[in-house]
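Below is one structure, written out as structure tokens; the observations come after it.
The values are calculated or read from the model by the stated rules, or taken from the named source; none is laboratory data. The model shown is predicted, which means the values in this text are computed figures rather than measured ones. When we count neighbours, we look across all protein chains shown, and the Cβ atoms used for this are built from the backbone with ideal geometry, even at glycine. Heavy atoms of the whole protein, side chains included, go into the accessibility calculation; ligands, DNA and RNA do not. Shrake-Rupley method; radii C 1.70, N 1.55, O 1.52, S 1.80 Å.
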Amino acid sequence: MSRRYDPERRQRIIDAALRVVGRAGIAGLSHRTVAAEADVPLGSTTYHFASLDELLIAALRQANEGFADAVRKSGALTDPACDIAAELARLTGEWLAGDRTGVELEYELYLAALRRPALRPVAAEWCGALAEPLAARIDPVTARALVALLDGICLQVLLTDGVYDEEYARQALARLIPGAVG
């Protein structure tokens, strides 16, 4: 199928990269595997993404939209009467109970920053995107601490195949929030 003018090609390549990483991990990602998955010529992947790191950055940015977006869209966090710990625990539970492969993919890309320094600014963006709406209600240091705690809880659930315990998460989060009831 010939696609001379294809304004969606870059997005299809990113989507294909996410599918490849979801199926084969980052080790399975190459321009060639993504081109085959996206049904585009190999040259298209290198045209849009000169390096695999560039492709991973685009994929990580897209994958990062999951949980941070759910937090941003939660109107409850803007309500001064909202129990922040309970709402974060609830949102985390919904996210983890949703598309498990998508959650694992998001964390795999996020943790890839350990070995790929080019991804670190994008990983930091994820933390910032999550801390920002929280900082509107609580101080920025506590907001960052809540993000770190949620990261740890999610990693434990994902890495141990554990069951997410919303009440445990609520209590742990509440301990970090001044004036919250644990």
Note, the stretch 94-109: 3J(HN,Hα) by Karplus (6.51, -1.76, 1.60, θ = phi - 60°), whole Hz, Gly/Pro = x, goes 5, 5, 5, 7, x, 6, 4, 4, x, 5, 4, 4, 4, 6, 4, 5
Rounding to the nearest 10 and keeping the result within 0 to 90°, find how far the Cα-based axis of helix 9-24 lies from the longest principal axis of the chain. 70 degrees
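In Å, what Kirkwood hydrodynamic radius results for the stretch 12-156 from the alpha-carbon pair distances?
Mean inverse Cα-Cα distance, inverted, gives 16.2 Å.
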Averaging sequence separations of C-alpha pairs under 8 Å and six or more residues apart, then dividing by the length of the chain, give the relative contact order as a whole percent. 21 percent
With all protein chains present, the chain has a carbon and sulfur share of its accessible area (1.4 Å probe) in percent of 55 percent
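Sort out the exposed loop trypsin sites (Lys or Arg not before Pro) in the chain (DSSP loop, at most 16 other Cβ within 10 Å) and tell me the longest stretch that has none.
Details: sites that count: 3, 4, 115, 137.
Counting at most 16 other Cβ atoms within 10 Å as exposed, the longest clean stretch of the chain is 5-114.
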For residue 51, what accessible surface area do you get with a 1.4 Å probe? Give it in Å², rounded to 10. 40 Å²
May I ask for the angle, rounded to the nearest 10°, between helix 120-135 and the longest principal axis of the chain, with both axes built from Cα atoms and the value confined to 0 to 90°? 30 degrees
Please name whichever of 131, 57, 97 sits farthest to the positive end of the charge dipole of the stretch 54-140, dipole taken about the Cα centre and charges placed at Cβ: Lys and Arg +1, Asp and Glu -1. 57
Using only Cα atoms, find the angle between the long axis of helix 140-160 and the longest principal axis of the chain, and express it within 0 to 90 degrees, rounded to the nearest 10. 70 degrees
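Where Lys and Arg each count +1 and Asp and Glu each count -1, what net charge lies around residue 124 among other residues with Cβ under 13 Å from its Cβ?
Details: positive: 61, 120, 144; negative: 125, 132, 151.
Local charge sum for residue 124: 0.
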Expressed in nm to one decimal, what extension gain is obtained for the pair residue 118 and residue 51 from 0.36 nm per residue of sequence separation less their Cα-Cα distance? 23.0 nm
Label 7 Å along Cα→Cβ of residue 168; the stretch 88-120 residues with amide nitrogen under 14 Å? 93
Could you give me the radius of gyration and the Dmax of the stretch 77-182, taking only the C-alpha atoms into account and expressing both in angstrom? 14.0, 42
Evaluate E = 1/(1 + (r/R0)^6) for residue 135 and residue 24, where r is the Cβ-Cβ distance and R0 equals 41 Å; express this FRET efficiency to the nearest 0.05. 0.65
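Ranked by accessible surface with a 1.4 Å probe, highest first, in what order do 87, 108 come? Working shown, then result.
Values: 87 20, 108 70 Å².
Ranked list, largest accessible area first: 108, 87.
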Starting at the first residue of the stretch 72-78, write each ³J(HN,Hα) from the Karplus equation 6.51 cos²θ - 1.76 cosθ + 1.60 with θ = phi - 60°, in whole Hz, x for Gly and Pro. 4, 6, 6, x, 4, 5, 8
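Return the FRET efficiency for the residue pair residue 148, residue 70: r is the Cβ-Cβ distance, R0 is 22 Å, and the value is rounded to the nearest 0.05. Could the numbers behind the result be given before it?
Working: r = 18 Å, r/R0 = 0.82.
Efficiency computed from Cβ-Cβ geometry: 0.75.
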Using a Förster radius of 45 Å, what is the FRET efficiency between residue 5 and residue 99 based on their Cβ-Cβ separation? Nearest 0.05, please. 0.85
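Grab the Cα-Cα distance for residue 125 and residue 108, subtract it from 0.36 nm times how many residues apart they are, and report the gain in nm with one decimal. List each step's numbers first, then the result.
Working: separation 17, 0.36 × 17 = 6.12 nm, distance 1.57 nm.
Full extension from residue 125 to residue 108 adds 4.6 nm.
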Accessible area expressed per residue, the stretch 85-182, with surrounding protein chains retained (probe 1.4 Å, Å²): 52 Å²
Compute, for residue 157, the solvent-accessible surface of its heavy atoms (probe 1.4 Å) with the complete set of protein chains present, and express it in square angstrom to the nearest 10. 10 Å²
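Let me know the charge dipole size of the chain about its Cα centre in debye, to the nearest 20, where only the beta-carbon of Lys, Arg (+1) and Asp, Glu (-1) is charged.
Numbers: 20 positive and 25 negative charges, 130 e Å.
Dipole about the Cα centre, nearest 20: 620 debye.
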